[in-house]
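S.K.: Mind having a look at this structure? Questions to follow.
Just so you know, all these numbers are worked out from the coordinates, no wet-lab data involved. Everything quoted here is computed from the prediction, not taken from an experiment. We place every Cβ from the backbone using ideal geometry, glycine too, and count neighbours over all the protein chains shown.
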Amino acid sequence: MSGLLEAREKIKIFFSKNQMYIEPTLKFVLAICVIFLLNNKIGYMSVLVNPVVVFVAALICAVLPMNVTLAIGAIYMIGNGFALSLEVAIVTVVMLLLMFLLYYRFSPKDACVIILVPVACAFHIPYLAPLLVGLMAAPASMIPMAFGIIIYYFVEFVGGNSGVLASTADTDMFSKINLILENVFSDREMILILVAFLATVVVTYMVRRLNIDYAWTMASVVGTLTMFLIMLVGQYMLNTDKPVGGMIVSMVISFGLAMAMQLFAFCLDYSRTEYVQFEDDEYYYYVKAVPKMNVSATEKKVKNITSRKKFYEE
């Protein structure tokens with residue numbers, strides 16, 4: 001454990017010294033992942049797929065707030081949707097407009113949640129999102145998390161049915177719009193994911209707030225088990241053919257990453273817990289104080305040893 005804590009301190013020191021370079025780099029990489037994900041699924045507009053445009057867009061995201069990355073992602077969705085068909089563009093604009101209105105109303109600082117959910121789904125670790133939201137955010141962050149899930153399934157549907165949506169056969173506009181709405185917002189798998197993730201966030205958040213030792217670890221364990229049971233029962237009821245083994249592996253990886261994040265955000269030494277009591281004119285206070293785990297990085301001292309001898313003449 002001391003080795004992990006020492007490595008954590010080294011990483012924190014390195015980050016604090018190079019924060020002005022690391023943060024833009026991470027935002028650049030995240031923007032590249034988002035744009036590549038959209039272009040890979042629905043890259044129908046040649047201008048937006050151009051590597052120079054992608055690089056410039058990611059560079060803009062690197063130096064501006066996360067909400068700009070969210071806006072550029074929306075531009076890519078609308079532009080590529082318009083290149084595919086007018087109906088896809090209309091549904092995309094209306095859906096994103098409603099989402100942004102609710103997003104700015106309830107949690108305007110959680111742009112990273114909306115962005116990270118589709119990226120986590122693309123990397124086959126979607127179960128990491130509800131654990132991190134439950135551990136490190138407020139319950140209101142469930143709203144942008146749900147938006148991220150809907151956006152991912154919307155992009156998946158459009159990318160997988162581009163031939164039908166781009167067809168110019170005798171199909172009126174309202175029929176195509178109705179086709180998109182029915183297949184995306186009535187997707188039973190997406191609804192199951194939404195229910196499992198929202199329940200996981202609630203359970204993880206409630207356990208994390210309990211006055212117990214190792215609350216964050218217990219929250220991660222209980223949240224993962226809750227998510228697994230809901231997904232297992234849901235897949236059985238929906239009679240899906242997705243392998244349970246892959247889901248278990250993804251949840252184990254997500255749990256491990258959540259524990260790694262806990263090491264940096266909330267690492268306490270419960271063996272040195274202290275209880276303090278004091279009072280004022282109106283209240284009597286019982287305080288439980290748990291110190292953080294801190295291990296200073298070891299400093300290497302180099303001692304030079306030479307064989308050179310000095311001779312003195314008397």
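S.K.: So which of 10/288; 17/288; 12/292 end up more than 26 Å apart, counting from Cα to Cα?
M.R.: 10/288; 17/288
S.K.: Over region 103-203, calculate the relative contact order: mean separation of alpha carbon pairs under 8 Å at least 6 apart, over the residue count, as a percent.
M.R.: Answer for region 103-203 is 36 percent.
S.K.: How far is helix 188-208 tilted, in degrees, relative to the longest principal axis of the Cα atoms in the chain, given as a value from 0 to 90 rounded to the nearest 10?
M.R.: 30
S.K.: A follow-up question, please. Figure the gain on full extension for residue 289 and residue 273 (residue separation times 0.36 nm, minus the Cα-Cα span) and round it to one decimal in nm.
M.R.: 5.2 nm
S.K.: For the chain, find the longest principal axis of its Cα atoms and tell me its angle to the long axis of helix 19-42, 0 to 90°, nearest 10.
M.R.: Compared with the principal axis, the helix lies near 20 degrees.
S.K.: By how many nm would the segment from residue 229 to residue 55 grow when fully extended, if each residue of separation counts as 0.36 nm and the alpha-carbon distance is taken off?
M.R.: Length difference between fully extended and current span is 58.4 nm.
S.K.: Please work out the FRET efficiency for the pair residue 109 and residue 164, using the Cβ-Cβ distance as r and a Förster radius of 41 Å; give the result to the nearest 0.05.
M.R.: Plugging the Cβ-Cβ distance into 1/(1 + (r/R0)^6) gives 0.60.
S.K.: Right, here's the next one. How tilted is helix 111-122 with respect to the longest principal axis of the chain? Cα atoms for both, answer in degrees (0 to 90, nearest 10).
M.R.: Taking Cα atoms only, the helix is inclined about 80 degrees.
S.K.: What number in nm² do you get for the chain if you take the convex hull of its Cα atoms and divide its surface by four?
M.R.: The orientation-averaged projected area of the Cα hull of the chain comes to 29.4 nm².
S.K.: Using the structure shown, list the pairs from 27/242; 109/242; 27/109 with a Cα-Cα distance above 26 Å, or answer none.
M.R.: 27/242; 109/242
S.K.: Expected output is a single nm value to one decimal: the length gained when fully extending between residue 22 and residue 265, i.e. 0.36 nm times separation in residues minus the C-alpha distance. What is it?
M.R.: 85.7 nm
S.K.: What is the calculated FRET efficiency for residue 178 to residue 210, with r their C-beta to C-beta distance and R₀ = 45 Å, to the nearest 0.05?
M.R.: Taking R0 as 45 Å, the efficiency between residue 178 and residue 210 is 0.45.
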